[in-house]
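S.K.: The structure follows.
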Amino acid sequence: MMQCTDMHDRYLLRLISKRVFLYTEMIATGSLVYGKCFDQLEFNVEEHPVGVQLGGSNVSDLVECSKRCEEYGYDEINLNVGCPSDRVQKGKFGACLMLEPNLVAECLSNMKNAVNIPISIKCRLGVDNHDDYEFIQNFVSIIKESGINVFVIHARNGILKGLSPRQNRSIPPLKYDYVYKLKQDFPELEIIINGGIKNIDDSLTHLDKVDGVMIGRAAYDNPFMLRDIETKFYKTDSSINSKKEILNLYLEYVEKQMLNGHSLSRMMKHLFGLSRGDKYAKTFRIKILEIIKDNNLKNYKKELEELLVY
Ligand SMILES: Cc1cc2nc3c(=O)[nH]c(=O)nc-3n(C[C@H](O)[C@H](O)[C@H](O)COP(=O)(O)O)c2cc1C
């Protein structure tokens, strides 16, 4: 998630769950190839298993970026065919590519042939008025010819004109039944459902029908929810770090990364959600804002810890 799941956030999430699969924010191939910004691909070794998400539709750029992503050590490369923003449409990538399945399949098969790590796609159910089941069924049947078999599906249509990316994440209705039907029609594919999934209980219900669940906002807003996934899904024992331990381990990391020139505010904002549901959640968030404003962490560490209940 852009502006959210950067390398620091992923480090924090990994302190809570050892096993959930994490993804980077979408990285545009243009900014890597023409902006020569390959350092955007850097990540902490602790983040594994981690996939990188690319946005693009130029076959040779996607191939070049895929090779670089493999060299950097990512565990998977995901192609974004779900982002409906105007900027992304102008660059001819994201959700508008759902109208060009043959091009997407060509991109994916070339990416697949260029690397040895899995390639996956993240898409919507359709775009604009292409909202019937036959549209996504046809899309999937063309894409699967590329040889990829992991499909992450945001269970909504994308509206390319007239809705902001934010509205596009809530206004088009969720149609989980379409995703379930895809799994029935393409049992050989790994179908991962996304959109509006809030907790482990929701997730377990979906897992009766599909192969996996992707959680976006709920995990960013309340990272500690990953602990439930660790214990109830992966059945890890309860020796998982407490919130206070997670905070201290993350602050150690922040101090180390500040010495490497990383921004304190960028790293601290990921902690906002850690106190979610706690008695002093609001005060905790205000304290983080103070730290960011003061650009100083040292004097506040103990206070911050005391504001967490557990
Ligand atoms: C701030 C923000 C940034 C996002 N950036 C991306 C992105 O870079 N790539 C992507 O595939 N989806 C992105 N999304 C969409 C989410 O991955 C997800 O598909 C969507 O929010 C629905 O799932 P959720 O209800 O679990 O959040 C973003 C969502 C938000 C809120």
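The values are calculated or read from the model by the stated rules, or taken from the named source; none is laboratory data. The structure displayed is predicted, hence computed values, not measured ones. When we count neighbours, we look across all protein chains shown, and the Cβ atoms used for this are built from the backbone with ideal geometry, even at glycine. Remember, those area values only see protein heavy atoms, side chains included, never the ligands or the DNA or RNA. Shrake-Rupley method; radii C 1.70, N 1.55, O 1.52, S 1.80 Å.
S.K.: Select from segment 265-301 the residues that are over 24 Å from the mean Cα position of the chain (by Cα) and among the basic types (K, R) and write down the one among them that is farthest from D9 (Cα to Cα).
M.R.: Among those residues, the one meeting the criterion is K279.
S.K.: Let me ask you something else. Just to be sure before I move on: is L97 of a type in the set (A, V, I, L, M), open to solvent by less than 20 Å² (accessible area, probe 1.4 Å), assigned by TED's automatic domain parsing to the domain that holds I215 and on the phi < 0 side of the Ramachandran plot in the structure I sent?
M.R.: yes
S.K.: Just name the residue that is most open to solvent (accessible area, probe 1.4 Å) out of those in segment 154-177 that are within 19 Å of T205 (Cβ to Cβ) and part of a helix (DSSP H, G or I).
M.R.: D177
S.K.: Using the structure shown, decide if Q89 is of a type in the set (S, T, N, Q) and either assigned to a helix (DSSP H, G or I) or touching a strand residue (DSSP E or B) at 6+ places or on another chain (Cβ under 6 Å) (or both).
M.R.: yes
S.K.: Within segment 202-222, can you find the residues that are open to solvent by 20 Å² or more (accessible area, probe 1.4 Å), within 18 Å of L174 (Cα to Cα) and in a helix (DSSP H, G or I)?
M.R.: Matches in segment 202-222: D202, L204, T205, L207, R217, A218.
S.K.: Name every residue in segment 1-15 that is within 12 Å of the ligand (Cβ to nearest atom) and open to solvent by less than 10 Å² (accessible area, probe 1.4 Å), in order of residue number.
M.R.: D6, D9
S.K.: List pairs: first in segment 295-309 and without any contact (Cβ under 8 Å) to a residue 40 or more places away in the chain and assigned to a loop (DSSP other than H, G, I, E, B), second among the aliphatic types (A, V, I, L, M) and open to solvent by less than 60 Å² (accessible area, probe 1.4 Å), Cβ under 6 Å, 6+ apart or cross-chain?
M.R.: N295/L264
S.K.: Test H262 against the criterion of being part of a helix (DSSP H, G or I) and under 22 Å from the mean Cα position of the chain (by Cα), and give yes or no.
M.R.: The answer is no for H262.
S.K.: Give just the number: which of (1) open to solvent by 60 Å² or more (accessible area, probe 1.4 Å); (2) in contact with a helix residue (DSSP H, G or I) (Cβ under 8 Å, 6 or more places away or on another chain); (3) not hydrophobic (A, V, I, L, M, F, W, C) does Y234 not satisfy?
M.R.: (2)
S.K.: If you go through segment 107-153, how many residues are free of Cβ contacts under 8 Å to residues at least 60 places away in the same chain, part of a strand (DSSP E or B) and either over 24 Å from S85 (Cβ atoms) or among the small types (G, A, S) (or both)?
M.R.: Here the count works out to 1.
S.K.: Quick check on this structure: which one of G30, G51, G56 is of a type in the set (G, A, S) and open to solvent by 20 Å² or more (accessible area, probe 1.4 Å)?
M.R.: G30 is the lone residue from the list that is of a type in the set (G, A, S) and open to solvent by 20 Å² or more (accessible area, probe 1.4 Å).
S.K.: With (1) assigned to a loop (DSSP other than H, G, I, E, B); (2) surrounded by 19 or more Cβ atoms within 10 Å (Cβ to Cβ) as the list, and M225 as the residue in question, which single condition is left unmet?
M.R.: Going through (1) assigned to a loop (DSSP other than H, G, I, E, B); (2) surrounded by 19 or more Cβ atoms within 10 Å (Cβ to Cβ) one by one, M225 breaks only (1).
S.K.: Considering only residues that are within 16 Å of the ligand (Cβ to nearest atom) and either in a loop (DSSP other than H, G, I, E, B) or surrounded by 16 or more Cβ atoms within 10 Å (Cβ to Cβ) (or both), which ones fall in segment 70-86?
M.R.: Selection gives Y74, E76, I77, N78, L79, N80, V81, G82, C83, P84, S85.
S.K.: I would also like to ask the following. Residues K67, K18, K36: which one is away from the ligand (no atom under 13 Å from the Cβ), touching an Asp or Glu at 6+ places or on another chain (Cβ under 9 Å) and of a type in the set (D, E, K, R)?
M.R.: K18
S.K.: Another question, if that's okay. When the residues of segment 163-196 are narrowed to those that are basic (K, R) and either within 13 Å of the ligand (Cβ to nearest atom) or in contact (Cβ under 8 Å) with a residue 40 or more places away in the chain (or both), which ends up farthest from R217 (Cα to Cα)?
M.R.: K181
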